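Below is one structure, written out as structure tokens; comments come after it.
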Amino acid sequence: AYITENTDEWTKFSADFEYFSEETPEYINVIISAGDYFGGADAVGEGNSLVVDDVRLVYDNEEVKSEKYAGYLNIYCKDLNPDDPEGTLAKNSAATIEIIPTGENTCTFKLPNFALGDGDGAMQLGDIVVENVTVTGKDGVKTFSGVTKDLKLMSDMILADVTIKGTITGDVADMTIDVIWTNSPLNEEGTPIYVTFTTNPVTSGITDITVDNSNAPVEFYNLQGVRVNADNLTPGIYVRRQGSQVSKVLVK
């Protein structure tokens, strides 16, 4: 890709990468030069100069730039549910989170269609989005940490501070999403809403009891966390839940 014009002002320039095989590259070596870099010393023009800033590698393919994890939310808030000692608003509610890489060690975290409660009476808040989340990796485990202030929810009626912490190992995600409703009329210090997300349903801490799931109803959810009719499944990947047993199934 060549820059042929001269300018004294900042000028945006972009160049497309052309892939010659179906292989995914492990490395990309980008060279930006004020002359013919591969032409040798004789090809460098006298007085050439090039100042470069804000270099970005941009992927247009959504499948490349984001990862989605289907799992379950547990939501607790004492202020909004004072009759429940645990303040439970939703337990094992199907949901999907999205991780969108934005840099070598950063990403955007997204929890679409966040709601307080279940069913038709749920309080729809909107998308929980936290940008510039720090990502560190070690021994196959990705650790996430990020904060956003004054996130607008429920058509800008709610302001919230959101803190994201958690890990992803393979396709197993375990996240905590603390939402502080800062302009809440229920609490001058802000109403805390504690949210956990896991790709496995939260079960009792008692592990020596065998649960018979054979008579439990079977439920199917798409990868966006929306429950779908088992009799009308189109080809694709779904989350199958029966009692405490959860699995992914492929419908052809």
Quick numbers on the chain, Rg and Dmax over C-alpha atoms in Å, give 24.3, 82
What do the square roots of 5 times the Cα gyration tensor eigenvalues come to for segment 6-134, in whole Å, largest first, as semi-axes of the equivalent ellipsoid? 51, 17, 11
Mean separation of Cα contacts under 8 Å (at least 6 apart) over the residue count of the chain, i.e. the relative contact order in percent, is 12 percent
Contact order normalised by residue count of segment 62-198, Cα under 8 Å, 6+ apart, percent: 19 percent
Rounded to whole Å, give me the distance from the Cα center of segment 80-100 to that of segment 118-178. 13 Å
Three principal axis extents, largest first, for the C-alpha atoms of segment 97-181, in Å? 42, 26, 18
Kirkwood Rh over alpha-carbon pairs of segment 7-83 plugged into Stokes-Einstein at 4 °C, 1.567 mPa s gives a D in µm²/s of 70 µm²/s
For the ranges 181-193, 227-239, 7-19, 88-100, what's the packing order if you count other beta-carbon atoms within 10 Å of each residue, average per peptide, and put the highest first? 88-100, 181-193, 227-239, 7-19
Pairs 110/248; 78/110; 78/248; 91/149: which exceed 31 Å Cα-Cα? 78/248
Largest-first ellipsoid semi-axes for segment 62-136, taking √(5λ) over the Cα gyration tensor eigenvalues, angstrom: 29, 13, 10
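Every read-out reported here was derived from the displayed coordinates using simple, explicitly stated rules and does not represent laboratory data. Because the structure is a prediction, the values reported are computed rather than measured. Glycine gets a Cβ as well: all are built from the backbone with ideal geometry, and neighbour counts include every protein chain shown.
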